[in-house]
Every structure is written in structure tokens, then in C-alpha cells.
């Protein structure tokens, strides 16, 4: 059982374009890599669990093999023994890449034993998620802080948290202070649109 669980996303290790694309205050990709690894090692202890919600490394100009090699170098510098990944759109479908992590998922969902709140972890910022109207929390990445805040949906990417991972228990305590309301009826906005505005459906028969 880990001492603590930490979450982060969108490190984009090795990607020089991330500096300008996401407005990161580093002089080079190498400086960014060093700062992000130092931030992880300063917070996450060896026996803790780090849950990374995707885009561990960004695209590499020399291709996928070079990207996986860079990911390995970054993983070797992270002192935490247990790092789990929820795959993002830039994470390669490679067995060598997957072997760097304790486990790799496309989506994780669980109930916290302390307060039984459901937590959903996904790289993508979903609009609807499991248990949403019963108070469940969504942790996501991908947006780099660029989306409006939704109740109990939290972007855990490094761009939102001063380039550091966040402890799960404190993050959930903060999220649960935001109330959620169950809708009176399921919205049918798309179904109730004027049929003339909808795309033509394929005809059968």
C-alpha cells in the first residue's frame, strides 16, 4: 500500500514545441525536463504512487524509438518506484514504453476507501463521466488549463499546478467542497433539434 498517491499529467518530456505551445517558462526542453523531474522527486517519495494521466513524453523529431528512449531516461531519473500511466494521445503504443510503468490504462475508475467518493482518471477532459451526478470526481489532462472549470472536473496537468504533481487526498478534499446537482431530467438538446438542421441519416430499405 503506497504511503501517498500523487497525480500529474502532460509533462511532455523532451518536446521543445511545448515551451511555446503551452507558454512554459523554460529556456529549453532540457531545462524543462530537469525542472519537472526535480519537482516530482521533491514531493513524491520512493514508496508513494505517482499516477500520470498521459502525454508523458511529447513527439520526438527522430520518431517513436527516440521518443521511447527519452521516456526511459526520464523514468530512470524519477526516484518513485511506482509510476502508473493513463495513456494520452502522445503516448506510443509500444511494449517497451509500456514496460516503464507499473500499469498502463486508457481509463481508471475507483472508489476512495476513506469517503467512498468515486474517482475517474482519464487523459481526456470528458463532459460526462461515471457517477457525475452522484458526486464523482473526474481527474484529467490534455487541456493544459485551457478549459472552463466544471464542478468536480480537475485538470491535473503540470501547467495548472506550478509544474508539480498534486497529492490525491488534498486534491479530492478541494474538489468535494464544490457541490454537484443532479439534473431534474436528462437533457435532450440534440434529440430535440429541428430535424432540418441535423445531418441526413442513411436510408434503409
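State whether one or more residues within the range 158-181 are assigned to a loop (DSSP other than H, G, I, E, B), at positive phi and surrounded by 14 or more Cβ atoms within 10 Å (Cβ to Cβ). There is at least one residue in the range 158-181 that is assigned to a loop (DSSP other than H, G, I, E, B), at positive phi and surrounded by 14 or more Cβ atoms within 10 Å (Cβ to Cβ). Out of the residues in the range 102-142 that are touching a residue at least 40 places away in the same chain (Cβ under 8 Å), closer than 25 Å to residue 12 by Cβ and crowded, with 19+ Cβ neighbours inside 10 Å, which is farthest from the chain's Cα centre (by Cα)? Of everything passing the filter in the range 102-142, 119 is farthest from the chain's Cα centre (by Cα). Checked against (1) at pLDDT 95 or above; (2) in contact with a helix residue (DSSP H, G or I) (Cβ under 8 Å, 6 or more places away or on another chain), residue 60 passes all but a single condition, namely (1).
From (1) touching a residue at least 60 places away in the same chain (Cβ under 8 Å); (2) surrounded by 22 or more Cβ atoms within 10 Å (Cβ to Cβ); (3) at negative phi, pick out the condition that doesn't hold for residue 74. (2) is the only condition that residue 74 fails.
Once the range 92-115 is narrowed to residues that are touching a helix residue (DSSP H, G or I) at 6+ places or on another chain (Cβ under 7 Å) and in a loop (DSSP other than H, G, I, E, B), the residue that is nearest to residue 143 (Cα to Cα) is 92. Note on the range 24-55: residues that are in contact (Cβ under 8 Å) with a residue 24 or more places away in the chain, surrounded by fewer than 23 Cβ atoms within 10 Å (Cβ to Cβ) and not in a helix (DSSP H, G or I) amount to 6. Only a single item in (1) buried (at least 18 other Cβ atoms within 10 Å of the Cβ); (2) under 18 Å from the mean Cα position of the chain (by Cα); (3) over 26 Å from residue 4 (Cβ atoms) is not met by residue 89, and it is number (1). Summed over the range 5-20, residues that are loosely packed, with under 13 Cβ neighbours inside 10 Å and touching a residue at least 40 places away in the same chain (Cβ under 8 Å) total 1. From the list 152, 87, 127, 111, the lone residue that is within 23 Å of residue 24 (Cα to Cα) and touching a strand residue (DSSP E or B) at 6+ places or on another chain (Cβ under 9 Å) is 87.
The values are calculated or read from the model by the stated rules, or taken from the named source; none is laboratory data. Since the structure is predicted, the reported quantities are computational estimates derived from the model, not experimental observations. All Cβ positions, even for glycine, are placed from backbone atoms using ideal geometry, and neighbour counts span all protein chains on display.
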